[in-house]
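K.L.:
I'd like to ask you about the structure that follows.
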Amino acid sequence: MASTIETPSPQDIPATTAPATWPTHPQIEPHETRNFFVLVVHQIVFRIGWMFKTESVIIPAFLDAVAGAGWLRGCLPILCRLGQSVPPVFIADRVRCLRRKKLALAVCALLMSIPFGVLAVTCWMTHGHYPIWIAALFLFLYFSFFCIGGIYQMSFGTLQGKLIRPTRRGRLLLTSTFWGTIPAIAITVWLMPEWISEQPPAYGHIFGFVSICFFISGLIVFICSEPADKKLSPNSKARAAVGEAMQALRDDANLRRLVAVVMLAGTGLLVFPHYQALASERLGLTGGHLVVWVVVQSASVGLLSILVGYLADFRGNRLTLQLSVVATAIAPALAIVLTQLEPGWGAKLFWTVFIAMGVTPLVLRTVVNYTLEICEPPQHARYLSTVALCGGIPFLFSPLVGWMVDVVGFETVFAATVCLILLGGCVSLRLDEPRHHIGLDESRVIGLGTDE
C-alpha cells in the first residue's frame with residue numbers, strides 16, 4: 001500500500017506572518033517536472049476555452065444582444081465575484097481533507113463545461129432570436145459557472161502548492177500563459193471571425209466550443225502524479241468555515257493588508273463589461289472589432305506573462321504584485337483619453353486598451369502565488385478562500401457601477417476606478433516579503449541551474 005503524506009491540521013499551526021515552507025517529499029519531488037508540464041497542458045486547454053468567453057468582450061456583447069441595459073451588464077461582475085468568493089469558503093475544509101487534491105480540480109473543470117453546454121444548446125434552439133427570458137437563464141448559468149470556478153481556482157492553487165515549489169510557480173504561470181497564447185490566438189483567428197460575423201452571431205458555436213475545452217482540460221488533470229495525503233475528517237459546520245476565515249484575518253496582519261490590496265485593485269474588474277459598450281457608444285466600434293480585441297488581449301497576456309513569470313521567480317511575488325496592480329490602472333485611464341480624442345483617432349487606437357487589460361489576469365494569478373507563500377500548506381485552501389471572499393466585497397456594488405455609467409457617463413466611473421487602483425498600489429507597499437526566507441534548495445527553477 002502506498003504511503004501517505006502526514007498533513008497537520010490548520011489548528012495545529014499557529015497563525016503567523018512567518019514564511020511558509022514547501023513540503024518536499026520523496027513521493028513529490030521525483031514527479032515535480034512531470035506534474036509541472038501536466039498542469040501547463042491543462043492550463044493551455046483551459047485558456048483556449050476561456051478566450052472564447054472573454055469577460056471584457058464576448059460575454060457583455062452577448063448580453064447586450066439579449067438586453068442592452070447598463071445595470072444588467074453591471075450584474076456580470078457581482079455574479080462573477082460572488083460565485084468565485086463565497087462557495088470556496090465553505091468548501092475549503094473539504095478540499096484540505098481530500099487525500100488527492102487533483103480530484104477537486106478535475107471535477108471542477110468538468111463541471112464548468114456544463115453551464116456553457118446548456119447555453120450553447122439554448123442558442124441553437126432559439127436560432128439567434130433571443131426572448132427576454134434568455135437573459136435570466138444566462139445570468140443563472142453565468143453565476144453557476146463562477147460558483148464552480150471559484151472552487152476551481154482554490155483547488156488549482158492548493159494542488160499547485162502541494163506539487164510545485166514556490167520558485168517554480170512563476171515559471172508555471174509563464175509557461176502555461178505564454179505557450180497557451182499561441183494556439184489560443186490561432187484557433188480564435190480561425191473560428192471566431194466567421195462565427196461572430198454571422199447575422200445574428202453564432203453564439204451557440206462559441207459557447208459550445210468553450211464547453212468542449214473545459215471538459216478536455218478536466219480530463220487532463222487526472223494524469224498528475226499525486227501521492228495521497230493522510231486521511232482527515234472535515235468540519236461540516238458552515239459557521240466554522242466562516243469563523244476560520246475571520247480567525248485568519250484577525251491573526252495575520254499581512255493577510256489583512258493583502259485583502260485590502262485585492263479589494264482596491266479588484267475595482268478595475270468592475271468596469272470590464274463596459275469597455276466594449278464604451279467603444280460602441282462613443283466610437284461606433286462593433287462587429288469585427290470584437291475579434292481584434294480578443295486576440296490583442298490574449299496576446300498581451302501571453303507576452304506580459306514572460307515578464308511577470310521571471311520577475312515572480314527571481315524577485316518574488318510581492319514586487320510582482322505591486323507592479324502589476326499599478327499597471328492595471330493603465331487600461332481605464334487610456335480608455336478615458338481615447339474617448340477625448342477625435343473620433344477617428346480614438347477608434348483607430350482603441351485596441352491599445354486591450355493591451356493594457358492583459359495584465360489583469362496575471363494579477364489574479366500572482367495573488368494566488370503570493371498567498372501560497374505566506375501560509376503553511378495545510379492553510380492554503382483556507383487562505384485562498386479567505387482572500388477570494390474578501391476580494392468579492394467590492395463587486396456587490398457592480399450593478400450600481402453599471403447604473404452610474406448610464407447616469408454620469410463612462411469617463412467619471414473610469415476615473416474613479418483609476419484612483420482606487422492606485423490606492424491599492426500604495427497599500428501593497430506594506431506587504432511582507434516571504435521570499436527572503438525560502439531555503440536555497442527551493443531556489444532552483446526548471447531550465448535553470450541543476451536539479452538533483
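K.L.:
Between L285 and residues 5 or more places away or on another chain, which pairs have amide H atoms under 5 Å apart, with H built 1.01 Å from N, and which residues are they?
P.N.:
HN-HN under 5 Å from L285: S280.
K.L.:
Now a separate question. With a Förster radius of 25 Å, plug the Cβ-Cβ distance of R94 and I182 into 1/(1 + (r/R0)^6) and report the FRET value to the nearest 0.05. Spell out each step's value before the answer.
P.N.:
Numbers: r = 37 Å, r/R0 = 1.47.
Once rounded, the FRET efficiency stands at 0.10.
K.L.:
If each residue's Cβ is checked for other Cβ atoms within 10 Å, how do D313, D229 rank with the fewest at the top?
P.N.:
Numbers: D313 25, D229 20.
The order, fewest Cβ neighbours first, is D229, D313.
K.L.:
By the scheme Lys and Arg +1, Asp and Glu -1, what is the net charge of all other residues having a beta-carbon under 13 Å from that of T175? Can you show the working numbers first?
P.N.:
Working: positive: R47, R168, R169, R171, R365; negative: D313.
Combined, the nearby Lys, Arg, Asp and Glu give +4.
K.L.:
What does the charge count near S398 come to, summing +1 for each Lys or Arg and -1 for each Asp or Glu among other residues with Cβ under 10 Å from its Cβ? Numbers along the way, then the final one.
P.N.:
Values: positive: R73, R81; negative: none.
Residues close to S398 contribute a combined charge of +2.
K.L.:
From the phi of every residue in region 314-329, what ³J(HN,Hα) in whole Hz does the Karplus formula 6.51 cos²θ - 1.76 cosθ + 1.60 yield, where θ is phi - 60° and glycine or proline is x?
P.N.:
Along region 314-329, the couplings run 9, 10, x, 6, 5, 4, 4, 5, 4, 5, 5, 4, 4, 5, 5, 6 Hz.
K.L.:
Here's a follow-up. Please state the relative contact order of region 30-440 as a whole percent: Cα pairs under 8 Å, 6+ residues apart?
P.N.:
Details: 656 pairs, mean separation 127.0, N = 411.
Relative contact order here is 31 percent.
K.L.:
Now, a different point. What 222 nm value per residue comes from the helices of the chain, counting each DSSP H run with n ≥ 4 as -39,500 (n - 2.57) and dividing by all residues, nearest 500 deg cm²/dmol? Could you put the intermediate results ahead of the total?
P.N.:
On the way: 21 runs with 321 residues, N = 452.
Counting only the DSSP helices, I get -23500 deg cm²/dmol.
K.L.:
Between region 242-264 and region 30-89, how far is it from one alpha carbon centroid to the other, in angstrom?
P.N.:
Centre-to-centre distance over Cα atoms comes out at 24 Å.
K.L.:
Under Stokes-Einstein, with the Kirkwood radius over Cα pairs standing in for Rh, what whole-number D in µm²/s applies to region 231-378 at 4 °C and 1.567 mPa s? Write down the numbers at each step before the final one.
P.N.:
Working: Rh = 17.6 Å.
Approximately 74 µm²/s, per Stokes-Einstein.
K.L.:
As a footprinting exposure proxy, order W124, W293 by other Cβ within 10 Å, with the fewest listed first.
P.N.:
Values: W124 15, W293 24.
The most exposed by this proxy come first: W124, W293.
K.L.:
If you don't mind, another one. I want to check a number: in the chain, how many lysine pairs have alpha carbons closer than 25 Å, given a sequence separation of 8 or more or different chains?
P.N.:
Taking the Cα cut-off of 25 Å, the pair count is 12.
K.L.:
May I pose another question? With label points built 7 Å along Cα→Cβ from the Cα atoms of L396 and H129, find their separation and express it in nm.
P.N.:
The modelled label-to-label distance comes out at 4.3 nm.
K.L.:
Of all alpha-carbon pairs in region 128-218, indicate the percentage at a distance above 21 angstrom. Let's see the in-between values first.
P.N.:
Numbers: 2140 of 4095 pairs.
Taking all Cα-Cα pairs of region 128-218, the fraction more than 21 Å apart is 52 percent.
K.L.:
Once you have a ≥ b ≥ c as the square roots of the Cα gyration tensor eigenvalues for region 141-187, tell me rounded if a/c is under 1.5, and otherwise prolate or oblate according to whether a/b is larger than b/c. Mind showing how you got there, number by number?
P.N.:
Numbers: a/c = 4.06, a/b = 1.10, b/c = 3.69.
Cα axes put region 141-187 in the oblate bin.
K.L.:
At a 10 angstrom cut-off on C-beta neighbours, averaged per residue, how do the peptides 253-262, 147-156 rank from highest to lowest?
P.N.:
147-156, 253-262
K.L.:
Okay, moving on. Calculate the translational D of region 34-181 in whole µm² s⁻¹ from Stokes-Einstein, where the hydrodynamic radius comes from the Kirkwood formula applied to all Cα pairs, the temperature is 4 °C and the viscosity 1.567 mPa s. Let's see the in-between values first.
P.N.:
Values: Rh = 16.7 Å.
It diffuses with D of about 78 µm²/s by this estimate.
No lab work stands behind these numbers, since they all come straight from the coordinates. Every value quoted in this text rests on a predicted model; they were computed, and no experiment measured them. Positions of Cβ are backbone-derived with ideal geometry, glycine not excepted, and every protein chain shown enters the neighbour counts.
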